[in-house]
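K.L.:
Structure provided below as structure tokens; questions to follow.
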Amino acid sequence: MMNHKRHLIRVAGIVQGVGFRPFVYRLAKQRKLSGLVFNDSHGVQIEIEGAQHSLSDFSRALQAELPVLASISAVTVTEQQPLGEQGFRITESAASAGRSAQIAPDSNVCSDCLQELFDPQDRRYRYPFINCTNCGPRYSIVTDIPYDRPKTTMVDFPMCPVCQAEYDDPVSRRFHAQPNACAECGPQVSLLADDLMLTGDAAVVETISRLKQGQIVAIKGVGGYHLAVDASNDDAVRRLRQRKHRDEKPFAVMSLDLQRVQQYVQLSELDERLLSGVERPIVLLLRRADGPLSDQVAPMNKYVGTMLPYAPLHYLLLEEFTALVMTSGNQSDEPIAFKNSEAQERLESIADCYLQHDRRIHIQTDDSIVRLLDGQPVLYRRSRGYVPRGVCLPADQPSVLAVGAELKNCICLTRNGQAFLSQHIGDLKNQRVVDSLRQAITHQQSLLEVKPEMIAHDLHPDYLSTHVAQDLAGDLPLVAVQHHHAHLASCLVDNGQTGPAIGVIFDGIGYGSDGHIWGGEFLVGDLYDFDRIAHLKYLPMPGGDAATREPWRMALSYLHSAFAGDIPEIQALQEVPAKDRKLLGQMIEKRLNAPLTSSVGRLFDAVAAMIGLRNRVSYEGQAALELEMLIEDNGAGEAGYSFTLVESAGSLQIDTAPLIRSVVSDLQAEVPVAQISARFHNGMAQMIVDLCQRIAVDRGRLPVALSGGVFQNRYLAERAAKLLRQAEFEVLLHRQVPPNDGGLALGQAAIAGRKNF
Ligand code: ZN
Ligand code: ZN
Ligand code: FE
């Protein structure tokens, strides 16, 4: 027995509810090892003994052959006295103090389950809730920890004897698969329309026929409701736009497989991998001009948000369509609907009928949005499929609750060295969203079993999220974090760095330390502090918030600044009534209701309005997005517009007057707008490099973090990154959390965690 050893192995990470114990069981059996495996509050414990070489091989396989949904964050091995035990067993969960196990994200249906779904001989043939330990809902159905059936919404469905036997059998694919169910005992779908009610497969079949007729169907999925229509039916898609009061914002589509997707978008190999991943995000893909989708799906956009099915129900529905529009089931500005009763009330004016089911969704999760940028995926919205996976912090820190920003709100709670961002909560514009924020905070705290030691919020005194933080604080210290410092910190943590770095933070609006509205910032900072080295010259934002909805206001503001009152006539702006323009001119001159801003987002708006794209936007960032879409393939060769630098009171101001004057003279010379857009973008990229070079003279060649919503602009981000690398800067782009305000809470949490009280 010389080489006979016993190891106690502790595994932490996402190892519960993902088939980890049966996997360990199989590995042990194959290697003739004995011992036991069980879940505890930290993850999984394995006690295992046998020949030394088999144990080493076991340890290797443990990491190398991991189940698809599992991920290991730490393994510790302690040697024990061998017991001479026979056989290997899976034992019951041990509850111990200090829980740190992690719930898995919701996952798409696996290939084994799909095979059964379409096998007429299988007892789950066409059963829309088929799942196993490798797939199915997780985060959206968990009500509490530890992850066990009674602590999920599946508690409503006692298992039939056949399902129970699978659940209890250590070698079954469904051993302790908490959502395990079949048509006998599990959830059911039903179709509700004015004229009928159907359940089971009849409901699915009728839904398909109604979709084919062009009806709008509210479909309950994994994280909430979708509104679905046939994506190649122009009338149907247009009707959905009208009813949803969503004039232009792109809709996402879903297709059964990659072949169908290829009919309407261009796919790289990496895109295919993103689409097919277990997270099943919406991937932004370049549209084919000749594709079969209705132009109404994504007007004025070269890209279309595309996803593959993830719930078994989607597979049953999609066979007969090239693609279905699958947009969030909500009214504009409201959170996604996820409860049956609420959906009928809230979607009544939009949906013709409802395909729903009786498996409760405990936490709503919108579809995540991702795109390839600079050769790697970047999240634009991090929600279903990714939440509640943790993001590593650079070091252990006291637990912080960070309440995020006002738009694209998402909260973050830290535990030791990990940050857990919530699902996408939305824009805090009404009470429903604020309620949803409060619920997310409570739920996150109970799942992670941590009590925060401090609360971080945005510096803006009037943000609703700031008020929520103040409400919850009690005796806890509050930390107000400047918006753009939080963006910089978020990008650093996202890249596993601590700074110092140059932060190029371009976004819409964020409250500045001087009370003005920032958004075109060159910072140098780390997770503790920052210096503001340079920023766009302040300009009045006439009408305040109205200026973000009506880009012509910023166009006039920029023109006033560039031409000192003697403003040239811009054709696109003539559409605005003369008296409105006059009034605005007075607001600018007298600085009435015209807060100062350095926002790059507003500069994009101004240029978009000047070249005639639009004077009014229907969603955040629309004008900037459309400006980007204008650039054509040969745009890269255009010389960029220039700017000047003004040094005053120790800070550098970027004056874009030369840029604005160039836009005007190009318009007068009838230069095509595609070229104007390219010259503008190229000028902005050059501005980034020039400023970083200048900062490097005093501060050294620090890494450059590109963050803020403007860096969702692929053309700008990629060009800036390329130029920066040519100038030998290391470039940090977001990867795990969005560059927009959806990633802000991570930065807030990292900064607050370093404060001393
Ligand atoms: Zn499965
Ligand atoms: Zn059953
Ligand atoms: Fe921001």
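Computed from the coordinates by the stated procedures, all read-outs in this text should not be read as laboratory data. Everything numeric here is computed off the predicted structure, so don't read it as measured data. All Cβ positions, glycine included, derive from the backbone under ideal geometry; neighbour counts span all protein chains shown.
K.L.:
Could you line up Glu206, Glu670 from fewest to most neighbouring Cβ atoms inside 10 Å? All intermediate terms of the calculation are to be shown ahead of the outcome.
P.N.:
Details: Glu206 17, Glu670 7.
So the residues, fewest neighbours to most, are Glu670, Glu206.
K.L.:
From the C-alpha gyration tensor of the stretch 511-557, pull out the three semi-axes of the equivalent ellipsoid (sqrt of 5λ each), sorted largest to smallest, in whole Å. Please list the in-between numbers first.
P.N.:
Numbers: eigenvalues 137, 22, 14 Å².
Output for the stretch 511-557: semi-axes of 26, 11, 8 Å.
K.L.:
Could you give the nm distance between label points at Asn416 and Gln693, where each point is 7 Å from its Cα heading toward the beta carbon?
P.N.:
4.7 nm
K.L.:
Please state, to two decimals, what the Cα-based radius of gyration of the stretch 36-183 comes to when divided by 2.2 N^0.38 Å (N = residues).
P.N.:
Details: Rg = 17.1 Å, N = 148, 2.2 N^0.38 = 14.7 Å.
In units of the 2.2 N^0.38 Å rule of thumb, it is 1.16.
K.L.:
How long, wide and thick is the stretch 16-82, going by the Cα atoms along their three principal axes, in whole angstroms, largest first?
P.N.:
29, 22, 17
K.L.:
Relative to the longest principal axis of the chain, what angle (0 to 90°, nearest 10) does the C-alpha long axis of helix 52-64 take?
P.N.:
That helix lies at roughly 40 degrees to the long axis.
K.L.:
According to the Cα gyration tensor, what semi-axes, each the square root of 5 times an eigenvalue, does the equivalent ellipsoid of the stretch 323-450 have, listed from largest to smallest in whole Å?
P.N.:
On the way: eigenvalues 159, 68, 36 Å².
Value: 28, 18, 13 Å, ordered largest first.
K.L.:
Rounded to the nearest 5, what % of DSSP beta bridges with both residues in the chain are antiparallel? Show your work: numbers first, answer last.
P.N.:
Working: 85 of 112 bridges.
Of all bridge pairs located within the chain, approximately 75 percent are antiparallel.
K.L.:
With contacts defined as alpha carbon pairs under 8 Å and 6 or more residues apart, what's the relative contact order of the stretch 611-757 in percent?
P.N.:
Numbers: 143 pairs, mean separation 29.6, N = 147.
This gives 20 percent for the stretch 611-757.
K.L.:
For the stretch 139-258, restrict the atom set to alpha-carbon positions and state the Rg and Dmax in Å.
P.N.:
Calculated on Cα positions, Rg and Dmax stand at 18.5, 53 Å.
K.L.:
Which ³J(HN,Hα) values, rounded to whole Hz and listed in residue order, are derived for the stretch 17-24 from phi using the Karplus coefficients 6.51, -1.76 and 1.60 in 6.51 cos²θ - 1.76 cosθ + 1.60 with θ = phi - 60°, glycine and proline given as x?
P.N.:
In residue order, the calculated couplings are x, 10, x, 6, 5, x, 5, 4 Hz.
K.L.:
Can I ask one more? Going Cα to Cα from Lys32, which lysines come in below 18 Å? Please leave out same-chain ones fewer than 8 positions away.
P.N.:
Result set, ordered by chain and number: Lys5.
K.L.:
Can you give me the three principal axis dimensions of the stretch 476-517 from its C-alpha atoms, in Å, biggest first?
P.N.:
31, 30, 15
K.L.:
I would also like to ask the following. In degrees between 0 and 90, to the nearest 10, how far off the longest principal axis of the chain does helix 200-212 point, with axes built from Cα atoms?
P.N.:
Computed tilt is about 20 degrees.
K.L.:
Mind checking which lysines have their C-alpha under 28 Å from Lys429, skipping anything on the same chain fewer than 8 residues away?
P.N.:
Straight-line reach from Lys429, under 28 Å: Lys220, Lys244, Lys249, Lys339, Lys408, Lys451.
K.L.:
Follow-up. Please list the non-local residues whose amide H lies under 5 Å from the amide H of Ala323, H modeled 1.01 Å from N, same-chain partners needing a gap of 5 or more.
P.N.:
Under 5 Å from the amide H of Ala323 lie the amide H atoms of Ala231, Ser232, each far enough along the sequence or on another chain.
K.L.:
Whole-Hz Karplus ³J(HN,Hα) for the stretch 111-123, in order, using 6.51 cos²θ - 1.76 cosθ + 1.60 and θ = phi - 60°, x for Gly and Pro?
P.N.:
For the stretch 111-123, the Karplus-derived couplings read 5, 4, 5, 4, 4, 5, 4, 9, 9, x, 7, 7, 6 Hz, x marking Gly and Pro.
K.L.:
If packing is taken as the average count of other Cβ atoms within 10 Å, what order do 184-195, 28-39 fall into, highest mean first?
P.N.:
Values: 184-195: 16.5, 28-39: 19.1.
The densest-packed peptide leads the list: 28-39, 184-195.
K.L.:
Moving on to the next point. When the C-alpha atoms of the stretch 201-276 are aligned to their principal axes, what extent does each axis show, in angstrom, from largest down?
P.N.:
35, 35, 25
K.L.:
Net charge near Pro542, counting Lys/Arg +1 and Asp/Glu -1 over other residues with Cβ under 13 Å of its Cβ?
P.N.:
Numbers: positive: Arg549, Arg553, Arg581, Lys582, Lys590, Arg591, Arg602; negative: Asp545, Glu550, Asp580, Glu589, Asp605.
Combined, the nearby Lys, Arg, Asp and Glu give +2.
K.L.:
Right, something else. Taking the stretch 688-740 on its own, what percent of its Cα-Cα pair distances exceed 16 Å? Don't skip to the answer; put the middle values down first.
P.N.:
On the way: 517 of 1378 pairs.
Cα-Cα pairs of the stretch 688-740 separated by over 16 Å account for 38 percent.
K.L.:
Further question on the same structure: Counting other beta carbons within 10 Å of each residue's own, what order do Cys113, Cys392 fall into, fewest first?
P.N.:
Lowest count first: Cys392, Cys113.
K.L.:
So what are the radius of gyration and Dmax for the Cα set of the stretch 104-186, in Å?
P.N.:
12.0, 37
K.L.:
Neighbouring Cβ atoms within 10 Å as the yardstick, rank Val171, Val400 fewest first.
P.N.:
Values: Val171 10, Val400 28.
Neighbour counts put them in this order, fewest first: Val171, Val400.
K.L.:
Would you grab the residues whose amide H sits under 5 Å from the one on Gln80? Only those 5+ places off in sequence or on another chain, please, with H modelled 1.01 Å from N.
P.N.:
Amide H neighbours of Gln80, under 5 Å, 5+ apart: Arg6, His7, Leu8.
K.L.:
Please go through the stretch 116-174 and write out the trypsin sites (Lys or Arg not before Pro) that DSSP classes as loop and that have at most 13 other C-beta atoms within 10 Å.
P.N.:
Sparse-neighbourhood loop trypsin sites (Lys or Arg not before Pro): Arg123.
K.L.:
How many Å³ per residue does the convex hull of the Cα positions in the chain occupy?
P.N.:
Working: hull volume 130.7 nm³, N = 757.
Convex hull of Cα atoms, per residue: 173 Å³.
K.L.:
Would you grab the residues whose amide H sits under 5 Å from the one on Val253? Only those 5+ places off in sequence or on another chain, please, with H modelled 1.01 Å from N.
P.N.:
Those qualifying (amide H under 5 Å, at least 5 residues apart or on another chain) are Gly305, Thr306, Met307, Met326.
K.L.:
Another question about this same structure. Distances longer than 18 Å among the Cα atoms of the stretch 189-357: what percent of all pairs is that?
P.N.:
Details: 8036 of 14196 pairs.
The share of Cα pairs beyond 18 Å in the stretch 189-357 comes to 57 percent.
K.L.:
For the stretch 655-670, just list the computed ³J(HN,Hα) in residue order, Karplus coefficients 6.51, -1.76 and 1.60, θ = phi - 60°, integers in Hz, with x standing in for Gly and Pro.
P.N.:
Result, rounded to whole Hz: 9, 9, 3, x, 4, 5, 5, 5, 4, 5, 5, 5, 5, 5, 7, 6.
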